[in-house]
Amino acid sequence: CALQCQRFLISKVGEDWVFLILLGLVMALVSWAMDFAIATCLQAQKWMYGGLDTNVLLQYLAWVTYPTVLITFSAGFTQILAPQAVGSGIPEMKTILRGVVLKEYLTLKTFVAKVIGLTCALGSGMPLGKEGPFVHIASMCAALLSRFLSLFGGFYEVRWEACRAPGARLGFAASLAPFFPVPGVLFSIEVTSTFFAVRNYWRGFFAATFSAFIFRVLAVWNKDEETITALFKTRFRLDFPFDLQELPAFAVIGIASGFGGALFVYLNRKIVQFMRRQKTINRFLMKKRLLFPALVTLLISTLTFPPGFGQFMAGQLTQKDTLVTLFDNQTWAKQGLSEEFEYLGILEAWRHPRSNVFVTLVVFILMKFWMSALATTIPVPCGAFMPVFVIGAAFGRLVGESMAAWFPDGIHTDSNTYRIVPGGYAVVGAAALSGAVTHTVSTAVIVFELTGQISHILPVMIAVILANAVAQSLQPSLYDSIIRIKKLPYLPELGWGHHEKYNVRVEDIMVRDIRYITLNCKYRDLQHVLQSTKMKNLPLVESAESMILLGSIERAQVGALLTHQLSPERRLQVLRQKALALDRHRLSVASICFQ
């Protein structure tokens, strides 16, 4: 009965649809559960901090101990269960999608380590992101789901081996679906960079849409939202969102974000290389693996302590609250005087009695910049997209507040006065800096879906394109930089000024006079090949006449097979087999003669 139901379901719905529905459902459930756990952890930190307001020392101890414990647990749990879960996961997925087999990167053990480690890392309140690790999580979901469905045989039995890369690519597309379904698919195409099967296009959109629908319904059911709406909904005016005279300011944001994105990638790589090149520090940290994440967390949480230095950089706000305030469509200050604006709710975090909002924003950008670059080097599951997104929003907000201070009455156009909206500048800055770090343009679509408005589509596109142009000419993307650091087998795109290398053919650089083995070669031929070359892999051809390549075999395997075939144990086994065969022959002859 179960088999008949399975055949009926597959015949009516189709194998692809069943797989994509299950993938979207699993991704939505995992994302919602993780978000709920992360929000609970952050709320617990706020509760601890607020409950000890009578003693600053106890507040400080609670503020720094809580994230240190979570980060240390995340690092230890990940190292013990699956070290492959450390980091973003996008560099490894880019390598896997190009046909390279990386062991243990798509297993259930790595999935568990990634989910639990990422939840603890984000629940600590450190400047870390979840978008990159979620790509890895979604790819593991797709791979594990294919393996699970292969137990039922038929189509899915073939799908696990034949569609491992497409399944991971679909996971790539579905990874950002709970947050922004349409840009998630576009982002996956850009990040995979060199190849995307068109047949997976509709699959990615379907899985992403279904996952986003389930995720938003769960949020409404849990009373996190009143209805299905944008995550950071803005209310910019639609009749005249910006003036054409503001476009140079948006272009400046794009160019500056390009330099900032390149600097972020460079700083992140230098921190990792410094830790590896200092042999004394490297050996010490290898013995004390949990010391480095604990020290980094202690440093960052100390600097963001609200009654301390954190009061100059809105240290008490989470990344979500920070984006909500930065995208606010009201002007915080006029002529730099913070007293002229009434700060309400979480906006109060940006107000300081002894400094104006410009100082707070500058300190926030500078501190969060190097903090995020340092925090992303911690050996825990984490990404850098959201911290960079927040920094870009803060930079855009700084430019917008500066424009509002320079033009307090707005820009006059045809006897009409339209005030400058600093929140729009924050949206442009967020898209530009995140696009510069990741070398993607789909961040423009991401901010549209995050805010629920496309009123600033032209400034966002201008800034993102300029940021990408500057960043790509200076540094590789953050993911390619990590690939180079880890020395993963990956061929990046040729940079500017190297287009003539596209004319170089394989035959121009290939070695023609190489040793090979054939299907009918003898022991003497194998020994001659092993003695005449030091190649680690030997090509296997059909025959010396056809030279049709069948594959390759490792030199060590050939040597091991020869040793096994000519070993004393093997010779004794052959002699016993011959003796047994001879005895059987004699018995059969004797029985015939007796008859």
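The values are calculated or read from the model by the stated rules, or taken from the named source; none is laboratory data. Quick caveat: nothing in here was measured; it's all calculated off a predicted structure. All Cβ positions, even for glycine, are placed from backbone atoms using ideal geometry, and neighbour counts span all protein chains on display. Note: areas computed on protein heavy atoms with side chains; ligands, DNA, RNA excluded. Shrake-Rupley method; radii C 1.70, N 1.55, O 1.52, S 1.80 Å.
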Computed FRET value (nearest 0.05) for M48 with K279, which takes r as the C-beta separation and R₀ as 45 Å: 0.65
Residue-normalised accessible area of the stretch 55-153, expressed per residue, 1.4 Å probe, Å²: 34 Å²
Segment I255-I80, length gained on full extension (0.36 nm per residue, minus Cα span): 58.7 nm
Candidate residues E131, E449: accessible-area rank, largest first, probe 1.4 Å: E449, E131
Amide H contacts under 5 Å for Y418, placed H, 5+ residues apart: I411, T413
Which of F312, F213 is most accessible, then next, and so on - probe 1.4 Å: F213, F312
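Go through 554-564, 256-266, 420-430, 80-90 and give me the packing order, highest mean Cβ count within 10 Å leading.
Order by mean packing, descending: 420-430, 256-266, 80-90, 554-564.
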Two-site label geometry, L587 and Y516: point separation in nm, points 7 Å out along Cα→Cβ: 4.8 nm
The stretch 395-489 - accessible surface per residue (Å², probe 1.4 Å): 34 Å²
Two-site label geometry, L561 and E348: point separation in nm, points 7 Å out along Cα→Cβ: 7.6 nm
Per residue accessible area of the stretch 509-594, 1.4 Å probe, in Å²: 84 Å²
Filter on K46/K368; K114/K288; K279/K486; K114/K270; K270/K320; K94/K534 - keep pairs with C-alpha separation over 23 Å: K114/K270; K270/K320; K94/K534
